[in-house]
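Let me give you the structure first, and then I'll get to my questions.
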Amino acid sequence: MKFISISEAMKKGSGKVAVRGWVYRERGSNKFKFIVLRDSSDIIQCVFKREKFEEQWEDIDKLSIESSVMLEGTIKKDSRAPTGYEIDVDKLKIVSFAEPFPINKDLNEKLLGDRRHLWLRSRKMTAILKIRDTVLQAIREHWRKKGFYEYHSPSFIGMQCEGGSTLFKVDYFGRPLYLAQTWQLHAEPGIFALEKIFTIQPSFRAERSKTSRHLTEYWHAEMEVAWEDFKYLQDDGEQLVKFVVKRVLEKNKKELDILKRDIKKLEPTVSKKFPRLTYDEVLQILKQKKGLVIPWGKDLRTIEEDKLSELYDTPVIVTHYPKEVKAFYMKEDEKNPKVVLGYDMIAPEGYGELIGGSQREESIKKLEENLRKQGEDPKKYEFYFDTRRYGSVPHGGYGLGVERLISWICGLSTIKDAIAFPRTMTRWYP
Ligand code: 4AD
Ligand code: MG
């Protein structure tokens with residue numbers, strides 16, 4: 001017989017089926033053995049009656065969690081079974097007996113992390129990885145629909161873009177280089193060829209913080225576009241997040257259910273417009289509604305972002321931050337040179353910054369000035385200044401932290417679960 005997935009078998013609902021997978025749970029008696037079988041699609045209860053398996057009974061009795069099997073039998077509805085169906089098994093092939101599986105409910109976070117390669121098989125991780133797949137596909141679909149080209153930048157680079165304190169230094173044949181914090185410095189040259197470009201690739205940050213929202217290696221969805229203005233960058237960021245959430249709600253109801261995610265927390269993002277506030281307005285709102293007094297010029301920290309997110313049920317876009325707290329490449333606002341045409345998109349429910357983006361400064365003089373203020377040698381950026389020398393045009397872009405978005409969509413307690421093998425200051429194995 002041809003093997004089908006467990007979910008296909010349940011869709012069929014009756015008659016003969018052949019499925020294969022791993023033992024998720026097992027219990028037995030003298031006369032019966034029940035196993036719950038797991039494959040990538042779902043789980044299903046399977047029953048073995050001893051009278052049919054006299055010769056194989058010793059082996060069946062030994063079947064333990066994560067042993068792999070192929071089986072054939074008759075499927076029928078059974079309201080007592082965990083997913084509402086049961087297979088009465090006629091034929092079994094044991095592919096591999098598993099050793100005692102070293103994962104159980106009592107493991108602490110450290111041990112689960114050490115056994116991450118095995119923990120991936122959990123229903124929780126399987127559900128998250130499926131949602132991750134939807135998210136990545138939706139991001140691509142969003143930009144492709146708009147005529148953006150997928151374009152890539154190097155990961156070994158010679159300079160900072162997002163501040164020197166989170167740079168990873170690598171020994172590049174005896175020369176110091178860094179792992180890229182963003183594609184941006186090598187994306188801006190690309191718009192002169194392709195005009196509208198995007199990427200989804202890893203970025204690296206030597207984050208010393210052990211928070212629930214920082215990875216040292218994360219997947220970064222970034223776009224860069226010629227000719228467009230600051231409003232376009234905000235509109236596109238909002239459309240992107242709306243589209244991704246819409247797709248997950250369409251495709252992954254079952255996974256969100258496994259994760260016990262309340263989808264009412266996601267729906268407003270699809271249907272409602274995101275509030276857009278200036279930094280100044282945020283200071284006022286935080287003072288009035290949360291009693292938080294932030295002196296003008298200070299960056300918004302985690303606490304302030306979290307307090308702000310409590311006031312809304314969609315992401316919030318915050319614009320016009322003080323120049324001093326933002327990256328060197330952000331364009332000064334002509335109307336008020338103390339602030340920049342940059343924005344952060346803050347997730348609901350305290351999930352922090354999803355997107356950081358800006359209009360790009362075109363003046364080489366200002367770029368040099370900003371770099372010097374940060375203690376950087378502008379000479380290293382000569383190639384980048386060339387983008388302003390040969391037919392400079394208004395342009396901008398933004399970056400979205402893929403795992404931040406997944407964390408929020410799935411309602412995770414740590415960003416580490418948004419990726420198969422997380423990298424943080426204290427976690428690099430397996
Ligand atoms: O705000 P950031 O630093 O912006 C940039 O890198 C720009 N060059 C992007 C651009 O304009 N092309 O980072 C963008 C996003 C953040 O909003 C956040 O979602 C995510 O990247 N991010 C992280 N995600 C996980 N772990 C970390 N350590 C992160 N640091 C930033
Ligand atoms: Mg940022």
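The values are calculated or read from the model by the stated rules, or taken from the named source; none is laboratory data. Worth saying up front: this structure is predicted, and the values here are computed from it rather than measured. Glycine also receives a Cβ, built like all others from the backbone with ideal geometry; neighbour counts cover every protein chain displayed.
Go through Arg38, Arg27 for me and flag whichever is loosely packed, with under 13 Cβ neighbours inside 10 Å and within 30 Å of Leu129 (Cβ to Cβ).
Being loosely packed, with under 13 Cβ neighbours inside 10 Å and within 30 Å of Leu129 (Cβ to Cβ) holds for just one of Arg38, Arg27, which is Arg27.
Six or more apart or on different chains, Cβ atoms under 9 Å: show the pairs whose first residue is in the stretch 172-200 and in contact (Cβ under 8 Å) with a residue 12 or more places away in the chain and whose second is in a loop (DSSP other than H, G, I, E, B) and basic (Lys, Arg).
The qualifying pairs are Leu179/Arg205; Gln181/Arg205; Lys196/Lys146.
Residue-wise test of (1) at pLDDT below 95; (2) out of contact with any His (no Cβ under 9 Å at 6 or more places or on another chain); (3) of a type in the set (Phe, Trp, Tyr).
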{"residue": "Val318", "(1), (2), (3)": "no, yes, no"}
{"residue": "Phe328", "(1), (2), (3)": "no, yes, yes"}
{"residue": "Asp333", "(1), (2), (3)": "no, no, no"}
{"residue": "Leu354", "(1), (2), (3)": "no, yes, no"}
{"residue": "Glu369", "(1), (2), (3)": "no, yes, no"}
{"residue": "Tyr390", "(1), (2), (3)": "no, yes, yes"}
{"residue": "His395", "(1), (2), (3)": "no, yes, no"}
{"residue": "Ser407", "(1), (2), (3)": "no, yes, no"}
{"residue": "Lys416", "(1), (2), (3)": "no, yes, no"}
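Does Phe243 meet the test of being within 28 Å of Thr302 (Cβ to Cβ) and within 16 Å of ligand 2 (Cβ to nearest atom)?
no
Testing Glu228 on (1) touching a strand residue (DSSP E or B) at 6+ places or on another chain (Cβ under 6 Å); (2) not in a helix (DSSP H, G or I), one condition comes back false. Which one is that?
(1)
If you scan the stretch 64-102, which residues turn out to be in a strand (DSSP E or B) and loosely packed, with under 13 Cβ neighbours inside 10 Å?
Restricting attention to the stretch 64-102, the residues satisfying the condition of being in a strand (DSSP E or B) are 68-77, 85-96.
The answer is Lys77, Lys93, Val95, Ser96.
Tally the residues that are within 16 Å of ligand 1 (Cβ to nearest atom) and either in a helix (DSSP H, G or I) or crowded, with 20+ Cβ neighbours inside 10 Å (or both), restricting the search to the stretch 368-386.
Looking only at that region, the number is 4.
Where residues in the stretch 410-426 are among the β-branched types (Val, Ile, Thr) and within 9 Å of the chain's Cα centre (by Cα), which of them is farthest from ligand 1 (Cβ to nearest atom)?
Within the stretch 410-426, the subset among the β-branched types (Val, Ile, Thr) is 414-415, 419, 424, 426.
With within 9 Å of the chain's Cα centre (by Cα) added as a condition, the list becomes 415, 419.
Values: Ile415: 6, Ile419: 9 Å.
Ranking the qualifying residues of the stretch 410-426, first place goes to Ile419.
Of everything in the stretch 200-240, what is within 16 Å of ligand 2 (Cβ to nearest atom), within 30 Å of Ser271 (Cβ to Cβ) and under 12 Å from the mean Cα position of the chain (by Cα)? Give them in sequence order.
Scanning the stretch 200-240 gives Arg213, Tyr218, Trp219, His220, Ala221.
Pick from the stretch 361-406 the residues that are within 16 Å of ligand 2 (Cβ to nearest atom) and of a type in the set (Gly, Ala, Ser): which of them is farthest from Leu215 (Cα to Cα)?
Once the filter is applied, the top-ranked residue is Gly396.
While we're here: Within the stretch 387-407, which residues are within 21 Å of Trp143 (Cβ to Cβ) and near ligand 1 (Cβ under 10 Å from one of its atoms)?
Answer for the stretch 387-407, where residues must be within 21 Å of Trp143 (Cβ to Cβ) and near ligand 1 (Cβ under 10 Å from one of its atoms): Gly396, Gly397, Tyr398, Gly399, Leu400, Gly401, Val402, Glu403, Arg404, Leu405.
Another one. Specify which of the listed residues (Ser392, Ser407) is closer than 25 Å to Leu233 by Cα and part of a loop (DSSP other than H, G, I, E, B).
It is Ser392.
Turning to a different aspect of this structure: Taking the stretch 231-261 on its own, how many of its residues are touching a strand residue (DSSP E or B) at 6+ places or on another chain (Cβ under 8 Å) and farther than 25 Å from Pro422 by Cα?
Matching residues across the stretch 231-261 total 6.
OK, next. Tell me which residues, restricted to the stretch 71-116, are within 28 Å of the chain's Cα centre (by Cα), over 17 Å from Val23 (Cα atoms) and not aliphatic (A, V, I, L, M).
Selection gives Asp106, Asn108, Glu109, Lys110, Gly113, Asp114, Arg115, Arg116.
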